[in-house]
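For reference, the structure is listed below as structure tokens.
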Amino acid sequence: MSELETNSIHIGKDYNKTNAVVSPIFQSSTYLASDNLDEYIIAASETKYPEFYQRHGNPTNSQVAAILASLEKTEDALVLATGMAAISTAILAVVRAGDHIIAQRSHYSGTALFFKEFLTDYDVQVSYVDQTDNEAFLEALKPNTKLFYIETPSNPNLDITDLAFIGRIGKERGIITMVDNTFSSPINQTPAEFGIDVIIHSATKYLGGHSDLTAGAICGSKEFVQKAWRRSLVLGASLSPFDSWLLLRGLKTLSLRVKQINENAQQLAEWLQKSNHIKSVCYVGLTTHPQHELAKKQMKGFTGMLCVEVAGKTEDQQYNNAQIILKNLKIFANAASLGGVESLIVHPASMWGGHHSSQQKKEAGINRGLLRISVGIEHINDLIQDFTQALKKI
Ligand SMILES: *Cc1c(COP(=O)(O)O)cnc(C)c1O
């Protein structure tokens, strides 16, 4: 098997030892031990052993991990209960007290909180750089830098980080590179091809794809996955059998969903750009995106994520108009999360209102007139029609 459309359906089938064509849900916390104690030692200690105890592994978790490793072109992968479990576990597998991380100014809000409120308590320093400026990553280097942590396109501003550059400077200096690839999914971007060591996903989003599960993934070398697995054993966020089974089911249609989502988002972005009620549209697939050329170099598709700044004479007016749009859209649901078959829309300044100061929001580029859209697989005519009627209410 070699093409991703085939791999996402067929890789790892051997973990299903039954005759059922579709792997059953292994809803069991524990598994019968072998009477041979030498074998039992292996079951109890081998990385991700699928039939020992749920926190160590599960046959479906192994199957899903095998698919994700093949899609991300890494040696191995580990699945966990949420994207944040994957992020925190992977980072804690790299750094210890006294170490330094170079991260970006804008990250997923949970990741930003992990850096600012958790790691600092454990004496890990983090520098935040402008991801669009390659030199900034070099300038932030310190003798104790252990990790480059990046996210591209980033949340919610859709800034791009130069993957080939980060991959190269990481290799040259022996510093681990890690990227949150949630927004792209492996259909649109495979960072390992640019020399990135570890690829993280919130599988809650595109990989699951139906807004009905939470899961996370860490893709990397066998050695790194083993390290992360050992951390996960004590941190304890194993992926539940049922969520894992839903994820396995979701992955079978990943390529179809993402291709349709890419197409819908491009058309919606181009349409919104022409509206007088929209001040600006930020979408990686538009030639007006300041890093469109870089995106073309490292991405195969431009995702379903876009941001619009609503028009208005003042920021208060923009805010009011954003509220009118949110209230009147009928197909786009006003809900957190992204990457599902249904289109969603959120107001980032409100979503993060409680966790970040207005200064932090300003630094992350979050204006009160900003709306973030996750485009689904509905028919594009209906999506445009929905915006047409909502914008008329302004
Ligand atoms: C949602 C998300 C996460 C966190 O994932 P959970 O599954 O909610 O824990 C991390 N990174 C990005 C980019 C996300 O969108």
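Provide the percentage of antiparallel DSSP beta bridges, counting only those with both residues in the chain; round to the nearest 5. Walk me through the intermediate numbers first.
Numbers: 23 of 41 bridges.
Of those bridges, close to 55 percent are antiparallel.
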- [ ] May I ask you to give the percent of accessible area on segment 193-296 that is carbon plus sulfur, with a probe radius of 1.4 Å?
- [x] 51
Open item on the list: Given a 1.4 Å probe and heavy atoms of the protein chains only, how would you sort Ile324, Ile187, largest accessible area at the top?
Closed with: Ile324, Ile187
- [ ] Lys and Arg at +1, Asp and Glu at -1: add these up for the other residues within a Cβ distance under 14 Å of Cys219 and post the number.
- [x] -3
Task: Positive minus negative residues near Ile67 (Lys, Arg vs Asp, Glu; Cβ under 11 Å) - done: +1
Task: Exposed-site-free run, longest, the chain (rule: GluC sites (Glu not before Pro); DSSP loop; at most 15 other C-beta within 10 Å) - done: 76-341
TODO: Please give the residues of segment 293-331, grouped as numeric ranges, whose backbone N is less than 14 Å from a label point set 7 Å along the Cα-to-Cβ vector of Glu193.
DONE: 295-302
Open item on the list: Please enumerate, by chain and number, the lysines with C-alpha under 19 Å from the C-alpha of Lys330, excluding those fewer than 8 residues away in the same chain.
Closed with: Lys392, Lys393
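Let me check against my output: what whole-number percent is the relative contact order of the chain, with C-alpha pairs under 8 Å and at least 6 apart? Mind dumping the intermediate values first?
Numbers: 794 pairs, mean separation 63.5, N = 394.
Here the relative contact order equals 16 percent.
Per residue, what accessible area does segment 1-159 have, given a 1.4 Å probe and all protein chains present, in Å²?
On the way: 7460 Å² over 159 residues.
With the other protein chains kept in place, segment 1-159 gives 47 Å² per residue.
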Task: Descending principal axes extents, segment 70-150, alpha-carbon based, whole Å - done: 34, 28, 24
Open item on the list: What does the charge count around Gln389 come to, taking other residues whose C-beta lies under 14 Å from its C-beta (Lys +1, Arg +1, Asp -1, Glu -1)?
Closed with: +2
Open item on the list: Quick check on segment 1-96: what are the equivalent-ellipsoid semi-axes from the Cα gyration tensor, as sqrt(5λ), descending, whole Å?
Closed with: 23, 21, 12
TODO: For the chain, just list the percent of Cα-Cα distances falling in each 20 Å bin from zero outward, please.
DONE: 28, 56, 15, 1
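Counting only heavy atoms of protein chains, what accessible area per residue, in Å², does segment 230-297 have with a probe of 1.4 Å? Don't jump to the answer; show the numbers that get you there.
On the way: 3460 Å² over 68 residues.
Solvent-accessible surface per residue comes out at 51 Å².
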TODO: Can you spot the lysines whose alpha carbon is less than 29 Å from Lys116's alpha carbon? Ignore those fewer than 8 places along the same chain.
DONE: Lys142, Lys146, Lys171, Lys205, Lys227, Lys361, Lys362
- [ ] Starting from the amide H of Val129, placed 1.01 Å from N in the peptide plane, find each other amide H under 5 Å away whose residue is 5 or more places distant or on another chain.
- [x] Ala103, Gln104, Arg105
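The values are calculated or read from the model by the stated rules, or taken from the named source; none is laboratory data. Owing to the predicted nature of the structure, the values given are computational and were not obtained by experimental measurement. Heads up, the Cβs are rebuilt from the backbone with ideal geometry, glycines too, and the neighbour counts pull from every protein chain shown. Accessible surface is based on the protein model in full, side chains and every heavy atom, while ligands, DNA and RNA are left aside. Shrake-Rupley method; radii C 1.70, N 1.55, O 1.52, S 1.80 Å.
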